[in-house]
Amino acid sequence: MQYIEVKLAKQASRKQERILTEKLGEAITLIPGKTPGGLMINISSDEHIYKGGEFIEYGAYVGVVLKTGPSREDCERLNGAIFKILEEDLKIPAGNIYVSFAFSDNFGVNGRLL
């Protein structure tokens, strides 16, 4: 199981969301054993994101939740891909992007705990 939550300061169009979803699906394959078919993505746009107490018009927070196991190097590759996607496709400056990784061995799917 893998989950990516994206919060964007700007309103994203459905086309931008579709592109973001497709590219994050490709990027998740940088983690061994992960596939786009198992990836759940939540995109929230037009969020109020602040940095240093100041509202940032072009900013993003991305939270990635994975089952425990990927190496730091695997996460670094995925992190780099996420930054590239947000910078190139949504024109968000790298300094206004934050990505965090969390790991869990307990995911509920289809009514049962994996």
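Every read-out reported here was derived from the displayed coordinates using simple, explicitly stated rules and does not represent laboratory data. None of the values given here were measured: they were computed from a predicted structure. Note: ideal-geometry Cβ built from the backbone for every residue, glycine included; neighbour counts use all protein chains shown.
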Total residues in the range 27-48, condition surrounded by fewer than 18 Cβ atoms within 10 Å (Cβ to Cβ), in contact with a helix residue (DSSP H, G or I) (Cβ under 9 Å, 6 or more places away or on another chain) and in contact (Cβ under 8 Å) with a residue 40 or more places away in the chain: 1
Candidates Ala102, Ala60, Ala94 - the one that is surrounded by fewer than 11 Cβ atoms within 10 Å (Cβ to Cβ), touching a helix residue (DSSP H, G or I) at 6+ places or on another chain (Cβ under 8 Å) and not aromatic (Phe, Trp, Tyr): Ala94
